[in-house]
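Since the structure comes first, as structure tokens, the remarks are kept for the end.
The values are calculated or read from the model by the stated rules, or taken from the named source; none is laboratory data. Owing to the predicted nature of the structure, the values given are computational and were not obtained by experimental measurement. Note that each Cβ is placed from the backbone with ideal geometry, even for glycine, and that neighbours are counted across all protein chains shown. Surface accessibility is based on the protein's heavy atoms, side chains included, excluding ligands, DNA and RNA. Shrake-Rupley method; radii C 1.70, N 1.55, O 1.52, S 1.80 Å.
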Amino acid sequence: MTDFTKVRANLERRGFQVSCFAAAQEAADYLTAKLEGKTIGYGGSMTLKQLGLMERLEGRAALLGHWSGSTRQEAAAAPIYLTSVNGLAETGELINIDGTGNRVASTIFGHEEVYFLIGRNKLAPDYDAALWRARNIASPKNAHRLGCKTPCAVKGDKCYDCSSPERICRALAVLWEKPKGIGRAEVVLIDEDLGY
């Protein structure tokens with residue numbers, strides 16, 4: 001069992017609310033009950049997909065996002081936003097890399113509530129390790145999944161800081177504290193490997 005004690009304390013000190021779950025199913029049950037009847041925006045997230053959360057909320061909430069046929073602008077205007085991160089430092093920093101900027105923008109400003117759904121595989125000991133993970137593990141896997149013609153997608157081993165027109169690493173957001181531009185921000189820690 002992963003010990004989330006240190007990261008939880010550091011996230012709470014930085015203004016985030018934190019929930020911890022031993023299994024993805026428990027987290028999905030919690031979020032389904034909490035979000036039923038709400039209007040929810042979301043971006044492309046393999047963690048969300050693996051949780052099956054959107055399917056569970058279908059018909060029980062208004063879903064505006066990546067797989068619902070909504071525009072990025074509609075998702076950005078929703079009162080609630082669901083996302084994950086590419087790296088989470090035990091010291092409390094949340095790190096996301098994005099190609100379009102919709103996901104990183106929505107973690108910083110404009111929503112009444114933002115939920116960060118994070119599997120144990122995203123956890124790193126400190127800021128530098130979390131940033132390394134985001135660049136060299138999450139980004140190449142996402143580029144490969146999307147069929148991008150980038151060195152990291154082809155080789156699948158690390159970030160090459162390329163200048164490819166298909167580069168997906170175009171914006172980096174680091175949340176050192178809960179941003180003032182959002183209302184409630186909850187980090188949902190899950191003791192399973194989820195997403196990239």
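Observations on the structure shown:
- Beta bridges per DSSP, both residues in the chain: antiparallel share near 20 percent.
- Between Asp126 and Arg145, the simple label model (points 7 Å from Cα in the Cβ direction) yields a spacing of 2.9 nm.
- Residues Asp191, Asp29, ordered by accessible area of protein heavy atoms at a 1.4 angstrom probe radius and largest first, appear as Asp29, Asp191.
- Near the amide H of Gly87, within less than 5 Å, lie the amide hydrogens of Ile95, all on another chain or at least 5 residues away, with H placed in the peptide plane.
- 1.4 Å probe accessible area per residue over segment 53-132, in Å²: 41 Å²
- Accessible area ranking (1.4 Å probe, heavy atoms, ligands and nucleic acids excluded), largest first, for Met54, Met46, Met1: Met1, Met46, Met54.
- Karplus-derived 3J(HN,Hα) values for segment 75-86, using 6.51 cos²θ - 1.76 cosθ + 1.60 with θ = phi - 60°, are 4, 5, 8, 5, x, 10, 10, 10, 7, 10, 9, 8 Hz; glycine and proline are entered as x.
- Residue-count net charge about Cys20 - beta-carbon cut-off 13 Å; Lys, Arg +1, Asp, Glu -1: -3
- Residues Lys49 and Thr5, FRET efficiency given R0 of 25 Å [Cβ-Cβ distance, rounded to 0.05]: 0.30
- Per-residue 3J(HN,Hα) values for segment 175-181, derived from phi via the Karplus relation 6.51 cos²θ - 1.76 cosθ + 1.60 with θ = phi - 60°, read 9, 7, 9, 4, x, 5, x Hz in sequence order (x marks Gly and Pro).
- Given their separation in residues at 0.36 nm each and the Cα-Cα distance between them, Ala171 and Thr39 gain 44.9 nm when the chain is fully extended.
- Computed from backbone phi with θ = phi - 60° and the Karplus coefficients 6.51, -1.76 and 1.60, the 3J(HN,Hα) list for segment 38-48 is 9, 9, 10, x, 7, x, x, 8, 5, 4, 4 Hz; x is used for glycine and proline.
- Longest site-free stretch - the chain; sites: GluC sites (Glu not before Pro), DSSP loop, at most 14 other Cβ within 10 Å: 37-111
- Å² per residue, accessible surface of segment 1-51 at 1.4 Å: 47 Å²
- Computed [θ] at 222 nm, deg cm²/dmol, the chain (DSSP H ≥ 4; -39,500 (n - 2.57); rounded to nearest 500): -8000 deg cm²/dmol
- Measuring nothing but protein heavy atoms, the accessible surface of the chain at 1.4 Å probe radius is 51 percent carbon and sulfur.
- Annotation for segment 1-87: trypsin sites (Lys or Arg not before Pro) lying in DSSP loop with at most 15 further Cβ atoms inside 10 Å of their Cβ are Arg60.
- Charge tally in the Cβ shell below 14 Å around Asn121, where Lys, Arg are +1 and Asp, Glu are -1, Asn121 excluded: 0
- Rolling a 1.4 angstrom probe over the protein heavy atoms with all chains in place gives segment 153-194 an accessible area of 55 Å² per residue.
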